[in-house]
Amino acid sequence: MTILYPSIWPIIPVPKPRVTMLVEQGSTADSSKKSPAAPTGPPLGDPSWDLGLHQLQHNRHPLLPSACGRLTRSAGRRIGGTASQLQDLLRTSSPARELLSESLKSFTASNGTSFRVDTSSALFSKEAPPVSQAFVKDSQAKFSLQHQPLGKGDSKADQKQMRDWAEAGLGGREGAPSTPELQAKAGALILANALSFKGLWAREFSEDSTDHRTFFGKKYTKVKMMHRTGLYHYHEDMENMVQVLVAPLWGGKASVVLLLPFHLESLARLDKLLTIELLSKWLEKTSITTVSISIPKANITSTLSLQKQLSALGLTDAWDAKPADFSGVSDKSKGKLHLGAVLQWASLELTGQAGKGDAELDEENVDKPKLFCADHPFVVLVRDSVTGALVLIGALDHADGEALHDEL
């Protein structure tokens, strides 16, 4: 599968609280009228969206902005260029960092209703000066950021330790190996995130409504496709030839946004189109519409090292021990600590399962459905309904299955 970029996992704060109301699929509103509860666009300047789109467009891999958010918080009280660059990168003020902590608590509390999440974050250190216990306690309490000293072994031992940690963080799922070229030097700090996300739909895709069809990705493969007809927020951009579908998850605490090109093609054109402004326009133009959906049952996974991406966004001093200032991590850090890597493991599972609970869903009045057949590459986003923050962003351009032949 391709990219999965855990964007905020609400670890990246939004500038201010933002409530985004999402309509239940059970609404029977007239499809010709725009629902007053239509999804609003991303909060402008929200670093989770900025970083997520940048990662998607330049690397086609999922990123976990949560990693960056936690690092920003850990650097929040530092004096020097490192903290300044981190805060400039993520545009985080002091109130925003506090909001970050509250957002994380809120998102964690929703686990098990709208979605199921296994996640871990850790700061690995390699032969570094003693880490401040105040930093360890503060980071653990507010962000569940663990401190994991690496042993004195070689890079293979370091990679195995981090891989084992990632597999545990993904709920026991097999994690992809660390970046092969990673060589942790003495004084290196390695920030790592592992996130496994499974959304629970407001209404299920029945197992009786599945069949096997061809997914026209980088390779043509035979996959299980899930089908459902119901009421969704939907928009067709005729000029850019993109379908936009918003599907709420159980309880309305989060939603999945799918972006599908009209025709069979790679995602190169859609990648170039995507901006926060265009996403805002698309979401605000969605209206309740009868849609017949077909999407593959798949697991989108990725492993990513973010040094190049973060450096391109302006984070330059952290990687060099001489200018790096991590005095909040250790009072003996000057000239001895540097950021060695930012690593992310991510998994997004697409299944037909709905949530369970006492929520009452209205009867759907479906008629003359629009067709949304995701049998070719598409972009998927998960957004938090309370803050408007981006939780995950990724794309499926290959689905595992019996290979037929290469095309895209």
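The values are calculated or read from the model by the stated rules, or taken from the named source; none is laboratory data. These numbers come from a predicted model, not from an experiment. Methodologically, a virtual Cβ is constructed for each residue, glycine included, from the backbone with ideal geometry; neighbour enumeration extends over all protein chains shown.
Tabulated data
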item	result
Hey, Trp250 hydrophobic (A, V, I, L, M, F, W, C), surrounded by 17 or more Cβ atoms within 10 Å (Cβ to Cβ) and farther than 26 Å from Phe115 by Cα or not	no
Odd one out for Gly217 among (1) modelled with pLDDT under 90; (2) under 30 Å from Gln159 (Cβ atoms)	(1)
Lone unmet requirement of (1) under 27 Å from Leu343 (Cα atoms); (2) modelled with pLDDT of 95 or more for Leu260	(1)
Boolean, Ala188 is in contact with a Lys or Arg (Cβ under 7 Å, 6 or more places away or on another chain) and under 22 Å from Leu170 (Cβ atoms)	no
Residue count, the stretch 248-283 (criterion: in a strand (DSSP E or B) and under 16 Å from the mean Cα position of the chain (by Cα))	7
Out of Ser292, Ser327, sole residue that is part of a strand (DSSP E or B) and at negative phi	Ser292
Among the candidates Thr290, Thr286, residue that is buried (at least 17 other Cβ atoms within 10 Å of the Cβ) and touching an Asp or Glu at 6+ places or on another chain (Cβ under 7 Å)	Thr290
Test: residue in the stretch 155-177 that is on the phi > 0 side of the Ramachandran plot and modelled with pLDDT of 85 or more	no
Test result for Lys272, modelled with pLDDT under 95, touching a helix residue (DSSP H, G or I) at 6+ places or on another chain (Cβ under 8 Å) and basic (Lys, Arg)	yes
In the stretch 330-349, residue modelled with the lowest pLDDT [restricted to those that are part of a loop (DSSP other than H, G, I, E, B) and crowded, with 20+ Cβ neighbours inside 10 Å]	Ser333
